[in-house]
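Have a look at the structure below before the remarks.
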Amino acid sequence: MTTATKAPGISVRGVGKSYSGVSVLRDVDLGIAPGEVHGLVGENGAGKSTLLKILGGVVRADHGTLTFDGEQVTFARPRDAIAQGVSLISQEGALVPALTVLENVFLGRWTQTAGVRRAAHDRKRFDELIELTGFQVDPRSRVDLLPTGVQQQVEILRSLARGARVLAMDEPTAVLSEHEKDNLIALIRRLADGGTTILLVSHFLDEVLGVADRITVLRDGALVATEDAATQTPRSLVRQMVGREIDMLYSTPDPVPDDAPTVLSARGLRRGPVQGVDLDVRAGEILGLGGLVGSGRSETLRLLFGADHATAGTVQVDGATLTRLSPRRAMAAGIAFVPESRKEQGLVMARSVSENVALSSLPRRRTGPVVRRTAERTAVDTVSRLVDIRAAAKDAPIETLSGGNQQKALFAKWLLCSPRILLVDEPTRGVDIAAKSHIHHLITELARDGMAVVCVSSEIDELLALSHRVLVLRHGRPVGEFPRGTAKEVVIAAAFGDEGEPT
Amino acid sequence: MTVDAATPAEPSTQSPHPATGSTGSRRAIRIRDYGILVALIAIVIALSVSTDTFLTRSNLINLLDQCTVVGLLAAGATVCILSGVFDLTSSATLAVSAIVGVEIMRLTNVPVGFGAAVAAGAVLGFVTGMIVVRSGINSFIATLATSIIYRGVAVVVTAGAIVYPLETQTENFGALTWPSVFGLTSATVMFVAVVVAIGLLISTTTFGRRVYAVGGNLEAARLSGIRVGSVHVAAYVISGVCSALAGLILASRAGSGQSTMATGAELTAIAAAVIGGTSILGGEGAIWRGVVGAFLLTLIGNGFNLLGWDTIYQQVLQGCLILFAVTTDRWLRRRSR
């Protein structure tokens, strides 16, 4: 049905792209065999996403050629790529929020008679796709009400419905829970066996190594190597990506001193998916919050910061209850919050790096109503060096920075407030390996200096390595607390509870 | 801060991108940033060359005076748009403030009347802001409804008639049309002073930073501890004061106020802001841009007069200009991404 035609052999020759004079992709040559799973790895800013976007027709290459089965093709817009069977599944997602799953899957290609949609016919094709993929999605749900993982499945379904022969996926597992990841990896394998070509961009090297046939490494916009996955190890890949050896070990936090006081506690927090959370964090302690997507981890952090108002329960700092909690009051009590999404909740993308970093501590550097610019520049420079933000210019819009540098800027912004309690949600999502190791180091250093940290992460390895204790939530309630060194399987089992073991 | 030890990775000598071509990107930014000024200068030169009358003292004084009303409204509109909201009440606020000013003047004297008009503008702006923030309705709709109410209030207060100051006050009521420094009208001097003050407020103060942050990303601003509602209310208050001042200029010129004053000017003000290059999505732009936009629109009208062109085409050209400005902005933006 959907993959009736064979996938093409793709050849990329001398492709380059620059944005306002800065080249992000330089003379890249790449061959992709039909039906292969081809991994693309590299640090943020290495040009992986740009390459993917060129193949998807979203971005036009400045020079170089694309050939499909020996014939040269020109992708001026996404529909040209779609016509060649290339479907791009991007990080952001491209669904129409207010439409149903079924409507999105067949978006613009609904079966119709004289302009009237024939949903029953679409429904039948939908069921065939479900059978192929093994997804469990209700075609009648509105997509904006679905969890991110399921939304991504809808995008994959849509690609298949359009007869995609080449699926280009940008960080598809970044937003998924462990269980969903495993499902996706299995599906990628199944689709490739059925003849679909898969291009996979991912920061998770184990994943890429596990599923890809061949892996291409990019560094600073140039191709480093394309090799069989079987000949590579995580270590060899990192060496190629970074151009040098790097210590991939997680930073280890110091033990919490016995006399460290409890700084932050919550009792019976409730709202929406959060169904009564108790927690205590001591000075210098890193508490990990784990659980499946939708278990109420992020929501708990938001309640602690007053970003949402709890319908019940209390938050205490140094034993004093914070009443009518709001972000302002939380900040006054010394709480900082690095939210889950940089783009939606963290940064003002069009404004400069320094303005963003200075934003939450503006009142600290003013004369009357006027911002003290010199003091601000000094403060921003100091804290930027501390967290190692690599930006060409501090007055450039922050959206021009790589994900890792944007994330560091978010940390910098809160460090300028000198907080005593740090709440971080997915501190290393969409961040390259060097930045990730740096952020881990930063968090453990902050804890060493006495900060109380609550960290949410979907990566259980990260959570177990970084935290002193991991509190696992299920259905908005704590279901278990595990010390450092607990086996990953035990934590995952707790997250899933009785509803089945992960496979 | 006690995090001095946290520098684990290598020194930050590596820049994320090679430095090649950064001058090219900087040039693109320049054009994008100041393209509107280039357009303005081009029109000024064209008019200077093609007419004898443009570069005369009286015409320039007249031109600046004509620019004051739209310029003030555009400055107010820009503050609102920067913070991510629209103010469609500005022309209705203008009318109500001017009428309130005249009515109070009749009971007291001219300065108190002027003060009352400004106070009325601030109060109306505050009310508009509270309505937008508290109702949570999209600002475009909320201020559209509010503007209809304000217009209605203006009709009720005046019973649809023209309101005049007392006979003894008529002369002083025209004070804003009097010549002042460099022969500029008092209205022009006031306009320049107000616009400079608002420009400084937006570009140098913590309030200005908050305005940009709230307009650029409301949720990020909120999670940074900014009271986004207060910022929006303050933006409406500023816009209200600008409207009241514009209303005083119009009333001072006419020697009277009425409920139909400046109908539709709120859209001209938004147009001026956009022509200047302020993003309609909020968070990007500047006060001077709104003023330049207003000046450009006034200049076109002036040019039509001086060149003896039929003014019935004026609106067609203005509309084209708006489309051109926004398209160019969009194009430059996309290229620089």
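Tabulated data
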| quantity | calculated |
| --- | --- |
| Förster radius 41 Å - calculated FRET efficiency between B:Val38 and A:Arg377, Cβ distance, rounded to 0.05 | 0.85 |
| Partners for A:Lys408 among lysines (Cα-Cα distance below 17 Å; same-chain residues under 8 apart left out) | A:Lys343, A:Lys394, A:Lys436 |
| Percent of beta bridges antiparallel (DSSP, the protein assembly as shown, rounded to nearest 5) | 60 |
| Average other protein chain Cβ within 10 Å of Cβ, residues A:435-448 | 3 |
| Heavy-atom accessible area order for A:Lys343, A:Lys413, largest first, 1.4 Å probe | A:Lys343, A:Lys413 |
| Longest to shortest principal axis, alpha-carbon extents of chain A, angstrom | 68, 50, 48 |
| Gaussian network model of chain B, springs between alpha carbon atoms under 10 Å - residue of B:Thr206, B:Thr143, B:Thr128 with greatest fluctuation | B:Thr206 |
| Selected from B:Arg227, B:Arg134, B:Arg253 as most flexible by GNM, with chain B as the system and alpha-carbon contacts under 10 Å | B:Arg134 |
| Net charge, B:Ser139 excluded, C-beta distance under 14 Å - Lys, Arg +1, Asp, Glu -1 | -1 |
| Packing rank of A:370-380, B:208-218, where each peptide gets the mean count of other beta carbons within 10 Å, highest leading | B:208-218, A:370-380 |
| Span per principal axis, largest first, for the Cα atoms of the stretch A:214-345 (Å) | 58, 36, 25 |
| Percent carbon-and-sulfur accessible area, the protein assembly as shown, ignoring ligands, DNA and RNA, probe 1.4 Å | 57 |
| Anisotropy class of the stretch A:286-375 from Cα gyration tensor, a/c 1.5 cut | oblate |
| Spin-label pair A:Gln136/B:Phe140, simplified geometry with 7 Å Cα→Cβ offset, distance in nm | 4.2 |
| Cross-link partners of A:Lys124 among aspartates and glutamates (Cα-Cα below 17 Å; sequence separation of 8 or more within a chain) | A:Glu103, A:Asp138 |
| A versus B: buried accessible surface, summed, Å² (probe 1.4 Å, to nearest 100) | 4100 |
| Chain B shape via C-alpha gyration tensor axes, a/c threshold 1.5 | oblate |
| Averaged over B:197-206, number of beta-carbon atoms from partner chains that fall within 10 Å | 3 |
| P(r), alpha carbons of the stretch A:345-418 - 5 Å bins starting at zero, rounded % | 3, 19, 32, 26, 14, 5, 1, 0 |
| Ranked by how many other beta carbons lie within 10 Å on average, peptides A:467-476, A:401-410 from highest | A:401-410, A:467-476 |
| Accessible area (Å², per residue) of the protein assembly as shown, counting only protein heavy atoms and a probe of 1.4 Å | 42 |
| Chain B: angle of helix B:314-335 to the longest principal axis, Cα-based, in degrees nearest 10 | 10 |
| Helix runs (DSSP H) in chain A reaching 15 Å along axis by Cα, Kyte-Doolittle at least -1.0 | A:119-133, A:148-161, A:178-193, A:373-387, A:403-415, A:433-448 |
| Dipole moment magnitude, nearest 20 debye, the protein assembly as shown about Cα centre, only Lys, Arg, Asp, Glu C-beta charged | 1740 |
| Inter-chain shielding of B:283-295 (mean C-beta neighbours from other protein chains, 10 Å cut-off) | 1 |
| Highest-first arrangement of B:160-172, A:29-41, where packing means the average Cβ count within 10 Å | A:29-41, B:160-172 |
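The values are calculated or read from the model by the stated rules, or taken from the named source; none is laboratory data. As the structure is a computational prediction, the values presented were derived from the model and not from experiment. When we count neighbours, we look across all protein chains shown, and the Cβ atoms used for this are built from the backbone with ideal geometry, even at glycine. These accessible areas exclude ligands, DNA and RNA; they are computed on the full protein's heavy atoms, side chains included. Shrake-Rupley method; radii C 1.70, N 1.55, O 1.52, S 1.80 Å.
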